[in-house]
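Asks: Dropping the structure in here first, questions after.
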Amino acid sequence: MDAIYLINKPQGMTSFDVIAKMRKVLQMKKIGHTGTLDPEAGGLLIVLTGKFTKCIPYCVKDHKHYIAQFELGKASDTEDAFGQIIQERKAHKHTALELNEICSSMKGRYLQIPPMYSAKKIKGKKLYEYAREGKKMERKTVEVEISDLSVRHLHDDIYEMEAVVSSGTYIRTLIVDFAKKLGELALMTSLKRVGIEHLSLNQSVPLADFDKTTKGIRLFDCVNPAYPLVEVKNPTPILQGKKIALDRNEEIVLLYHQQDILAAYQKENSGLYCCLRGLF
């Protein structure tokens, strides 16, 4: 079955575990997702099956919406509650005004150092593999974007962060950096992805309820807005992979006919568009 599913991943499972379970239910191998969630995190996972796996590079990936809780006064080697506590210090009380001012200062482009306990690779090896060997690797800063950020106090030393961020942003690192601006230690205690672009966790199906009758969403509803959709009246040249002329300026466009996205086309120096990838 070729489809796109919005799955509510439970905490305690890897994203690969989700794919493995769906393969078993659907009895098919060609399944992929658009962005990993840590095992301890829950929430929205976009899963594509069959021919739609070709579309993964063109699906929504930015403006990821998260809700996280964190505790002040503690730091761990993984930056969350699942690691080893490496430092403790009494936390102070902070006003809503103070929290809001720091949130405002962190919006926009932001340089982040990926945590050692992450799947980011250096020299072909994942950082968490180095970390488990007791090795600390030098990591380059990565520019991410914080579109929206808010923090509120819940109780005691527990706070809640809501953030809309670009792809590749580590929320636990964002929390640690936020706490530094407060002069505090912090670690993340929970994380849930509640949206990606216009897609919401409310539209998703709990993994436990997923079966062969579960309805998917349209590819149209999953396309990254960075790639313009261009309608073609005659699909034959596209289906044959031929070059075409388009009165467009964008480097990459997605061509569709009667609600079916056919291909990604890229503009050449000649001004013509050539087939980058067939999606039919």
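Asks: Taking the stated definitions as given, is ALA20 touching a helix residue (DSSP H, G or I) at 6+ places or on another chain (Cβ under 8 Å) and modelled with pLDDT of 95 or more? Give the steps one after another, and end with the answer.
Replies: Working: touching a helix residue (DSSP H, G or I) at 6+ places or on another chain (Cβ under 8 Å): no; modelled with pLDDT of 95 or more: yes.
Taking the combined requirement at face value, the residue does not satisfy it.
Asks: Please work out which residue is surrounded by the fewest Cβ atoms within 10 Å (Cβ to Cβ), limiting yourself to region 62-84 and to residues that are out of contact with any Asp or Glu (no Cβ under 8 Å at 6 or more places or on another chain) and either in a loop (DSSP other than H, G, I, E, B) or free of Cβ contacts under 8 Å to residues at least 60 places away in the same chain (or both).
Replies: Per the stated criteria, the residue is ASP77.
To keep it simple, each residue is scored yes or no on (1) exposed (fewer than 15 other Cβ atoms within 10 Å of the Cβ); (2) on the phi < 0 side of the Ramachandran plot; (3) among the β-branched types (Val, Ile, Thr).
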site	(1), (2), (3)
ALA131	no, yes, no
GLU145	no, yes, no
ASP148	yes, yes, no
ARG172	no, yes, no
GLY183	yes, no, no
ARG193	no, yes, no
PHE210	no, yes, no
ALA226	yes, yes, no
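Asks: Hey, another quick one. Looking at region 25-34, which of its residues are in a loop (DSSP other than H, G, I, E, B) and buried (at least 18 other Cβ atoms within 10 Å of the Cβ)? Show your work before the answer.
Replies: Looking only at region 25-34, we keep the residues that are in a loop (DSSP other than H, G, I, E, B), and these are 27-30, 34.
The answer is THR34, and nothing else.
Asks: Tell me which residues, restricted to region 36-55, are over 18 Å from LYS212 (Cα atoms), under 14 Å from the mean Cα position of the chain (by Cα) and buried (at least 18 other Cβ atoms within 10 Å of the Cβ).
Replies: Correct list: LEU37, ASP38, ALA41, GLY42, GLY43, LEU44.
Asks: State which residue pairs qualify: first residue in a loop (DSSP other than H, G, I, E, B) and inside region 259-276, second residue at pLDDT 95 or above and surrounded by 10 or more Cβ atoms within 10 Å (Cβ to Cβ) in any location, beta carbons under 6 Å apart, and separation of 6 or more residues or different chains.
Replies: GLU268/CYS274; LEU272/LYS243
Asks: Something else: Have a look at TYR117, TYR130, TYR110, TYR159 and point out the one that is in a loop (DSSP other than H, G, I, E, B) and assigned by TED's automatic domain parsing to the domain that holds THR189.
Replies: Details: TYR130 fails: in a loop (DSSP other than H, G, I, E, B); TYR110 fails: in a loop (DSSP other than H, G, I, E, B); TYR159 fails: in a loop (DSSP other than H, G, I, E, B).
Unique residue meeting the criteria: TYR117.
The values are calculated or read from the model by the stated rules, or taken from the named source; none is laboratory data. Please read these numbers as outputs of a predicted model, since none were measured by experiment. In this analysis, Cβ positions are derived from the backbone assuming ideal geometry, glycine residues included, and neighbour counts consider all displayed protein chains.
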